[in-house]
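Trainee: Just dropping this structure here.
Read-outs throughout are calculated quantities, based only on the coordinates presented, and are distinct from any laboratory measurement. All of these numbers come straight from a predicted model, not from anything done at the bench. Positions of Cβ are backbone-derived with ideal geometry, glycine not excepted, and every protein chain shown enters the neighbour counts.
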Amino acid sequence: MMKATAKAPANIGFIKYWGKRDEELRLPLNSSISITLSNCFTITTVKFSKNFKRGSFKIVGEETTKKEKERVLKHLDRIRKKAGINFKARVLSQNSFPKKAGIASSASGFAALTVAASKAAGLKLSQKELSILARQGSGSACRSIPDGFVEWKAGSKNENSYSQSLYPPTYWNLRDLVVVVKDPIKKVGSTAAMKLSLKNPYFKKRLQQLPKRIKKIKKALTKKDFALLGEMIEEDAVDFHAIIMTSKPPIFYWNKVTMDIIHKVIELREEGIVESYFTIDAGPNVHLICQAKDALSLKKEIQKIKGVQKIIVNKPASGAHLINQHLF
Ligand code: PMV
């Protein structure tokens, strides 16, 4: 049967992927590091059939735009080409989080689509091949293929730009609290924002600093040095947003609630109440990295902030994999 279903986690960058050296292949200008997220995921079922007259793509409970449909179709074409088939496909996806929450669904979405569609098309791909393929759908999706703590080595061409697991999910008992804030829908997509950054003189500086930062974060992971890990995560997040804020025109992803959370996290840390560190993607939601023992008390403190809608507690998770329960 040409039908398969996959589950894939979203991921949060400790070192962000920002800027492409090749738009079409989605080759990045820098290597990046992330963890996969246990409670933010996408499940996707793909079926190819010679009897289908037209293809379809739907997300349960959500509207899909024409642009999103085209991007999915393009990805299916890559897979059809690899498998040597030309059947139409039915694709149904379900996110564990609402799209309007502003949690990037492109990473989990394209990772799940890649694994399900490859299997349904009869391809037998290695994890490396799946990561390379997922990357072409959405850059950050290549980091949702492997398990746990992940590194995406930038590479220089299609064949050597993919992600690998540095450590399994159980290696370090960390948590990522995704703090969903009021009005979280992002107004400028990452593809467009990345392009603007390339012209920003500060961007060159970022690329120069990254190898050293990556080295330090890897050392923090090896030694399980939480303070060093947190310092590097925040340094990279602030650096990344400084570039976005200084591009022309500037983009401000942070809102008032974002700032309130940042101040609170620093205050809790400095007063020795809870040690956690923040990072932020291309939107106003804040991710708080903490050790498992502190997750509950941190959640309680952050919930008190006005404008915080929801907090999703995540552990490092398994990467994208096939499951038996199909969505149709
Ligand atoms: O959604 P993409 O694949 O264009 O990547 C966005 C990258 C960030 O999420 C903003 C940073 C990162 O490394 O995850």
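Trainee: Which FRET efficiency value, to the nearest 0.05, do you get for K153 and K306 by plugging their Cβ-Cβ distance into 1/(1 + (r/R0)^6) with R0 = 41 Å?
Mentor: Working: r = 42 Å, r/R0 = 1.02.
Once rounded, the FRET efficiency stands at 0.45.
Trainee: A further question follows. Can you give the Kirkwood hydrodynamic radius for the chain, in Å, rounded to one decimal and based on Cα pairs?
Mentor: Its Kirkwood hydrodynamic radius stands at 20.0 Å.
Trainee: How much mean residue ellipticity at 222 nm does the chain get from its helices, if each DSSP H run of length 4 or more adds -39500 (n - 2.57) and you divide by all residues, to the nearest 500 deg cm²/dmol? Numbers along the way, then the final one.
Mentor: Working: 8 runs with 120 residues, N = 328.
Per the formula, -12000 deg cm²/dmol.
Trainee: What translational diffusion coefficient, to the nearest whole µm²/s, does the stretch 92-221 have by Stokes-Einstein, given a Kirkwood radius computed over alpha-carbon pairs, a temperature of 20 °C and 1.002 mPa s viscosity?
Mentor: In µm²/s, the coefficient rounds to 127.
Trainee: Does the stretch 1-58 come out rounded, prolate or oblate, given a ≥ b ≥ c as the square roots of the eigenvalues of its C-alpha gyration tensor, rounded meaning a/c under 1.5 and, failing that, prolate meaning a/b above b/c?
Mentor: oblate
Trainee: If the only charges are +1 at each Lys and Arg Cβ and -1 at each Asp and Glu Cβ, what is the size of the charge dipole of the chain around the Cα centre, to the nearest 20 debye?
Mentor: Details: 59 positive and 28 negative charges, 290 e Å.
My answer is approximately 1400 debye.
Trainee: Positive end of the charge dipole of the chain (Lys, Arg +1 and Asp, Glu -1 on Cβ, about the Cα centre): tell me which of F252, I289, I85 has its Cα farthest that way.
Mentor: In the chain, that residue is I85.
Trainee: With a/c under 1.5 counting as rounded, go ahead and sort the stretch 161-274 into rounded, prolate or oblate using the C-alpha gyration tensor (a ≥ b ≥ c being the square roots of the eigenvalues; past the cut-off, prolate if a/b is larger than b/c, else oblate). Walk me through the intermediate numbers first.
Mentor: Details: a/c = 1.75, a/b = 1.21, b/c = 1.45.
Judged from the Cα gyration tensor, the stretch 161-274 comes out oblate (a/c at least 1.5, b/c at or above a/b).
Trainee: Continuing with this model, one more query. Tell me the GluC sites (Glu not before Pro) within the stretch 197-297 that lie in a loop according to DSSP and have at most 12 other beta-carbon atoms within 10 Å. Mind dumping the intermediate values first?
Mentor: Numbers: sites: E231, E234, E235, E267, E270, E271, E275; in loops: E271, E275.
Qualifying residues, ordered by number: E271.
Trainee: Filter the cross-link list K100/K215; K58/K195; K74/K195 down to pairs whose alpha-carbon distance in this structure exceeds 27 Å. Provide the component values of the computation, followed by the final result.
Mentor: On the way: K100/K215 35 Å; K58/K195 29 Å; K74/K195 21 Å.
Going by Cα-Cα distance, K100/K215; K58/K195 fall outside the 27 Å limit.
Trainee: Here's a follow-up. In the structure shown, do any of K20/K124; K47/K315; K16/K219; K67/K310 have a Cα-Cα gap over 20 Å, and if so which? Write down the numbers at each step before the final one.
Mentor: Values: K20/K124 28 Å; K47/K315 31 Å; K16/K219 17 Å; K67/K310 28 Å.
The answer is K20/K124; K47/K315; K67/K310.
Trainee: Another one. Give, as ranges by residue number, the residues of the stretch 255-279 whose backbone N falls under 16 Å from the point 7 Å along Cα→Cβ of Y202.
Mentor: Hits in the stretch 255-279 for Y202 at 16 Å: 255.
Trainee: Let me ask you something else. How far is it, in nm, from the label point at I266 to the one at F328 when both lie 7 Å from their Cα along the line to the Cβ?
Mentor: Each label point is offset 7 Å from its Cα along the Cβ direction, giving 5.0 nm.
Trainee: Something else: What full-extension length gain, to one decimal in nm, is calculated for D225 and T65 as 0.36 nm per residue of separation minus the Cα-Cα distance? Write down the numbers at each step before the final one.
Mentor: Numbers: separation 160, 0.36 × 160 = 57.60 nm, distance 4.33 nm.
That works out to 53.3 nm of additional length.
Trainee: Quick check on the stretch 26-102: take the gyration tensor over C-alpha atoms, sort the square-rooted eigenvalues as a ≥ b ≥ c, and tell me if it's rounded (a/c under 1.5), prolate or oblate.
Mentor: On the way: a/c = 2.06, a/b = 1.33, b/c = 1.55.
It comes out oblate by the Cα gyration axes.
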